[in-house]
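Chemist: Please find one structure pasted underneath; my questions will follow.
The values are calculated or read from the model by the stated rules, or taken from the named source; none is laboratory data. Everything numeric in this text was worked out from a predicted model, so none of it was measured. Positions of Cβ are backbone-derived with ideal geometry, glycine not excepted, and every protein chain shown enters the neighbour counts.
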Amino acid sequence: MTNSISALLPAQTTDPTNDLSGVAQWAVDLMETIGAPGAGLAIALENLFPPLPSEVILPLAGFTASRGNFTLFEAIFWTTIGSVVGAWVLYGIGAALGRHRMRVLVGKVPLVDIEDIDKVEAWFNRHGYSAVFFGRMIPLFRSLISVPAGIERMPVWIFLGLTTAGSLIWNTIFVLAGYYLGENWHIVEQYSGIFKNIVIVIVVLVFAYWLATAIRKYRRKRASESNGPSL
C-alpha cells in the first residue's frame, strides 16, 4: 500500500508561494500519480529545462521510495532512464544544428572569432569523452554538455554509455541521500546549493576573464588596422 508523500513533506515545501516548493510538489504529484516512472519523467524534463533542480527531484524520489511507494532500485533505474532520455534529446538538437550552422551562428556573436571556435572544437575533440562523463555530475553543465556532443557527432552509443554512467553515479548519490534522510531530504538541497553556487561563481569568473581577453584582442586588432600602411 502506498503512502501520501505530500502529507509528510515539511510545511515549507508545500507553500505554493515558494518556487522551489512548487517544483517539489509537482515532482511529488508525478510520483504519486504514476510511480517511479514519474520520477524519471521529472528528471527528463529537468535535463531539457535546467531551472528544474535535480537536487530537489532526486532526493524526493529517494524519500518517496523510503515510504514504500516504489523500490529504491526503481527510483535509481527510472531517474537514470530519464537522465539519458533528456540528454539524448539535447544531443539530437545539437546534431540537427550541425557544425556548420553552429560556426555560422557563433561567428556572428560580437567579440567571437572563428579561431576561438576552432579552439573550443579542438578541446572537445581531445576531452569530449571526459567532458560528457564528468559533465553529468556538474550543475548547469549536466544538460548543456549534450549539445556540443551532438554538434561534434560523438558516436551516439559512446555518448549514451558515458551519459548513463555519469548519470547513474549522480542520481544514485542523491536518491540514496533522500532515501536515508527520509523527511529531512531537503537538507541535501541545502548542501548541493553550495556546490551549485561555487560552480556559478567559477563560470562567472571564467566568462569575465574571457570577455576581458576578447575586448583587449579586439582593441589591438582595431589599433593594428588603423595604424596599417595606407595606399
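Chemist: Of the numbered conditions (1) surrounded by fewer than 18 Cβ atoms within 10 Å (Cβ to Cβ); (2) within 17 Å of I93 (Cβ to Cβ), F124 fails exactly one; give the number of that condition.
Modeler: (1) is the only condition that F124 fails.
Chemist: Next question. Restricting the search to the stretch 139-159, which residues are among the hydrophobic types (A, V, I, L, M, F, W, C) and crowded, with 18+ Cβ neighbours inside 10 Å?
Modeler: First pass over the stretch 139-159, keeping only residues among the hydrophobic types (A, V, I, L, M, F, W, C): 140-141, 144-145, 147, 149, 151, 154, 156-159.
Selection gives I145, V147, A149, I151, M154, F159.
Chemist: Which one is surrounded by the most Cβ atoms within 10 Å (Cβ to Cβ), of the residues in the stretch 127-138 that are of a type in the set (A, V, I, L, M, F, W, C) and in contact (Cβ under 8 Å) with a residue 24 or more places away in the chain?
Modeler: Pass one, the stretch 127-138, residues of a type in the set (A, V, I, L, M, F, W, C): 131-134, 137-138.
If we keep only those that are in contact (Cβ under 8 Å) with a residue 24 or more places away in the chain too, we end up with 132-134, 137-138.
Values: V132: 26, F133: 18, F134: 15, M137: 14, I138: 17.
Within the stretch 127-138, the match that is surrounded by the most Cβ atoms within 10 Å (Cβ to Cβ) is V132.
Chemist: Out of V106, V89, I need the residue that is at pLDDT below 90 and either surrounded by fewer than 19 Cβ atoms within 10 Å (Cβ to Cβ) or farther than 22 Å from I173 by Cβ (or both). Which one?
Modeler: Working: V89 fails: at pLDDT below 90.
Residue meeting the stated conditions: V106.
Chemist: Do we find a residue being of a type in the set (S, T, N, Q), within 20 Å of T33 (Cβ to Cβ) and at pLDDT below 90 anywhere in the stretch 67-85?
Modeler: Quick first cut of the stretch 67-85, residues of a type in the set (S, T, N, Q) only: 69, 71, 79-80, 83.
Subset that is within 20 Å of T33 (Cβ to Cβ): 69, 71, 79.
Restricting the remaining residues to those that are at pLDDT below 90 gives 69.
Scanning the stretch 67-85 turns up at least one residue that is of a type in the set (S, T, N, Q), within 20 Å of T33 (Cβ to Cβ) and at pLDDT below 90.
Chemist: Name the single residue, out of those in the stretch 24-60 being among the β-branched types (V, I, T) and surrounded by fewer than 19 Cβ atoms within 10 Å (Cβ to Cβ), that is modelled with the lowest pLDDT.
Modeler: Step by step, filter the stretch 24-60, then rank; the result is T33.
Chemist: For S21, work out the one condition from (1) modelled with pLDDT of 70 or more; (2) surrounded by fewer than 24 Cβ atoms within 10 Å (Cβ to Cβ); (3) in a helix (DSSP H, G or I) it doesn't fulfil.
Modeler: Going through (1) modelled with pLDDT of 70 or more; (2) surrounded by fewer than 24 Cβ atoms within 10 Å (Cβ to Cβ); (3) in a helix (DSSP H, G or I) one by one, S21 breaks only (1).
Chemist: Restricting attention to the stretch 61-84, report how many residues are buried (at least 20 other Cβ atoms within 10 Å of the Cβ) and not in a helix (DSSP H, G or I).
Modeler: Total satisfying the criteria: 2.
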